[in-house]
Amino acid sequence: IIFKDFFEFIETNTIKYDKFFLNHPWGSSNIYRDEVIKQYFQNECSYIKDIGKNPSADWAYILAVIKHLENNGKIIALVTNSCMFNTADKSIRKYLIENGMIECVIRMPPNLLSYTSISFNIIVISHGNKNIKMVDAHKFFKAGRRQNELSKENILSILNAVENNTDESLFTDIN
């Protein structure tokens, strides 16, 4: 486990890893970070054509980590719903899909995280995917007074939907 400033790590590291967990900052404007992300898209992502004017920071973090991912590795990333639908992110999503890098997308319930009430998605990134598993897990939660929770049963239901075809999941062929 490496605990470091993300952009410092990306700029100085040349090692490949087999596992990454990304839970980057959401919605907090930071002039330094926003400028670094903008520069990252301009300087490091020229291989993706037609990136929109203001792409989501979610994708900057994911694209930066992909460069350090072993061929058999996986990235588990918590991302905002907006990065899944923003027009500015369309070419990034298209690139990742066409290059077989998205393995699974899980729509999670709202109000699970202590720092935000918004719902989010979990994206599993890996190499060589021929299809994408789509899981709608937004109903799997135990309602809490201030924050929702995942019970053991909820977690098992989500894992079952990821591993099998259920009413809450389906495989989407990339080709």
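The values are calculated or read from the model by the stated rules, or taken from the named source; none is laboratory data. All values reported here derive from a predicted model rather than from experimental measurement. Methodologically, a virtual Cβ is constructed for each residue, glycine included, from the backbone with ideal geometry; neighbour enumeration extends over all protein chains shown. We work out accessible area using only protein heavy atoms, side chains counted, and drop any ligands, DNA or RNA first. Shrake-Rupley method; radii C 1.70, N 1.55, O 1.52, S 1.80 Å.
Need pairs with beta-carbon distance below 9 Å; first residue on the phi > 0 side of the Ramachandran plot and within the stretch 56-67, second surrounded by fewer than 22 Cβ atoms within 10 Å (Cβ to Cβ); sequence gap 6+ or separate chains.
Going by the 9 Å Cβ cut-off, there are no qualifying pairs.
Given the structure, is VAL124 touching an Asp or Glu at 6+ places or on another chain (Cβ under 8 Å), without any contact (Cβ under 8 Å) to a residue 60 or more places away in the chain and either open to solvent by 80 Å² or more (accessible area, probe 1.4 Å) or closer than 25 Å to TRP26 by Cβ (or both)?
Spelling it out, VAL124 is indeed touching an Asp or Glu at 6+ places or on another chain (Cβ under 8 Å), without any contact (Cβ under 8 Å) to a residue 60 or more places away in the chain and either open to solvent by 80 Å² or more (accessible area, probe 1.4 Å) or closer than 25 Å to TRP26 by Cβ (or both).
Taking interchain pairs and intrachain pairs at least six residues apart, which have beta carbon atoms under 6 angstrom, with the first residue in the stretch 105-117 and on the phi < 0 side of the Ramachandran plot and at pLDDT 80 or above and the second open to solvent by 40 Å² or more (accessible area, probe 1.4 Å) and not in a loop (DSSP other than H, G, I, E, B)?
Filtered contacts from the stretch 105-117: VAL105/MET134; ARG107/ASP136.
Somewhere in the stretch 93-103, is a residue in contact with a Gly (Cβ under 7 Å, 6 or more places away or on another chain) and under 19 Å from LEU170 (Cα atoms)? First the steps, then the outcome.
Step one: list which residues in the stretch 93-103 are in contact with a Gly (Cβ under 7 Å, 6 or more places away or on another chain), which gives 100.
Filter once more, keeping what is under 19 Å from LEU170 (Cα atoms): 100.
Yes, because at least one residue in the stretch 93-103 is in contact with a Gly (Cβ under 7 Å, 6 or more places away or on another chain) and under 19 Å from LEU170 (Cα atoms).
Determine whether the stretch 46-61 contains at least one residue that is in a helix (DSSP H, G or I) and of a type in the set (Val, Ile, Thr).
Among the residues of the stretch 46-61, not one is in a helix (DSSP H, G or I) and of a type in the set (Val, Ile, Thr), which makes the answer no.
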